[in-house]
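The values are calculated or read from the model by the stated rules, or taken from the named source; none is laboratory data. Given the structure is predicted, the values throughout are model-derived calculations rather than measurements. Virtual Cβ from ideal backbone geometry, glycine too; neighbours counted across all protein chains shown. Surface accessibility is based on the protein's heavy atoms, side chains included, excluding ligands, DNA and RNA. Shrake-Rupley method; radii C 1.70, N 1.55, O 1.52, S 1.80 Å.
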Amino acid sequence: EQFTGQNCSNCPAGAAAIKKSILELVDPNKVCWIAHHTYLPGIGDAFTVPGSMEVTNALGVSAFPMCDVNRKQVEYEPGNVKLIWHPAAMTSSLLASLLPIPADATMELTREFNADTRELKVAVKGQSLKDVAYITVLVNQDNMVAQQAGASGEYRHTAPRKFLTEGTGDKLILDAEGNYSVEYTYTIPEKVGSFDCVLEDMEIVAFIHGDIKDKDNREVYNADKIDVLK
């Protein structure tokens with residue numbers, strides 16, 4: 001998760017470091033990148049949605065650019081272990097070191113999309129090894145061209161367009177074996193704010209996690225993503 005904003009002149013360098021680190025992985029698809037646009041607390045920018053503000057506030061992010069990986073404490077540079085840190089320190093080796101950690105939940109993410117009505121149906125099911133589990137599901141969009149402080153020329157933004165759950169996640173109902181199953185429906189509009197919803201650039205991101213407000217159990221257990229259009 002990246003915490004960024006259009007008026008943050010240092011944010012393009014942070015985004016570039018994140019993108020480079022992901023692309024250098026053996027399998028870049030193993031990482032879900034969410035850019036929460038929340039620069040200037042309570043104000044945001046053209047890409048800010050309520051869910052991103054909820055996440056930013058719940059994690060106590062007050063400086064930008066910042067990021068976290070799996071909402072857990074990581075040693076992002078020698079001797080420095082933090083939950084929230086500057087994305088310029090992001091490396092592919094850091095991401096690669098976290099990928100082999102066994103997931104605390106399984107998840108199967110599927111979707112149905114009706115091109116005529118633009119109705120999107122999202123289903124997630126699986127099993128949590130943790131007694132307390134939440135799910136966050138959002139629709140993300142790439143390649144939105146707009147102004148960006150600290151950048152010249154055409155700048156392409158990525159940002160959530162809609163949270164299908166609460167920004168801080170919906171608490172899952174688990175059966176005795178930890179199984180869960182949830183469904184969400186969303187009709188994708190032609191625009192969100194002043195930006196077209198380009199279906200080819202949209203994806204669904206889902207992740208199972210602990211209580212974001214509980215510093216001892218807020219980590220992400222597992223995550224997945226799927227394009228709105230295949």
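Taking a point 7 Å out from the Cα of N29 in the direction of its Cβ, the residues of region 73-101 whose backbone N falls within less than 19 Å of it are 96, 99-100. When cysteine pairs in the chain are screened for C-beta atoms closer than 4.7 angstrom, the residues that find no partner are C32, C67, C197.
Seen from Y76, the other residues with C-beta closer than 14 Å to its C-beta sum to a net charge of -1, counting Lys and Arg as +1 and Asp and Glu as -1.
S194 label point, 7 Å along Cα→Cβ, cut-off 16 Å on backbone N: hits in region 37-62? Answer for this model: 44-49. Using only alpha carbons, the chain has a radius of gyration to Kirkwood radius ratio (Rg to Rh) of 0.94. Cross-linked pairs K30/K125; K30/K121; K30/K191; K20/K215; K171/K191; K125/K171: Cα-Cα separations exceed 21 Å for K30/K121; K30/K191; K20/K215; K171/K191.
In whole Å, what is the distance between the alpha-carbon centres of region 1-57 and region 185-216? Between the Cα centre of region 1-57 and that of region 185-216, the gap is 13 Å.
Taking each DSSP H run with n ≥ 4 as -39500 (n - 2.57) and averaging over every residue of the chain yields -4000 deg cm²/dmol at 222 nm. Loop sites by DSSP among the GluC sites (Glu not before Pro) of the chain, restricted to those with at most 12 other Cβ atoms within 10 angstrom, leave 1-153 as the longest stretch without any of them. Summarised in one figure, the compactness ratio Rg/Rh of region 92-142, Cα atoms and Kirkwood Rh, is 1.09. Hey, for a label at T187 modelled as a point 7 Å past Cα toward Cβ, could you say which residues of region 112-156 have their backbone N under 15 Å away? What the label zone holds, given the 15 Å backbone N cut-off, is 114-121. Of the solvent-accessible surface of the chain, computed with a 1.4 Å probe over protein heavy atoms with every protein chain present, carbon and sulfur atoms account for 48 percent.
Computed over the chain with a Gaussian network model linking Cα atoms closer than 10 Å, the most mobile of V220, V26, V137 is V26. Accessible surface calculations at 1.4 Å, restricted to protein heavy atoms, place the chain at 49 Å² per residue. For C32, the shell of other residues with beta-carbons less than 11 Å away shows a net charge of -1, using +1 for Lys and Arg and -1 for Asp and Glu. Taken over the alpha carbons of region 1-132 as equal point scatterers, the Debye sum produces base-10 log I(q)/I(0) values at 0.09, 0.10, 0.11 Å⁻¹ of -0.33, -0.40, -0.49.
Cα convex hull, region 57-167: 177 Å³ per residue, rounded to a whole number.
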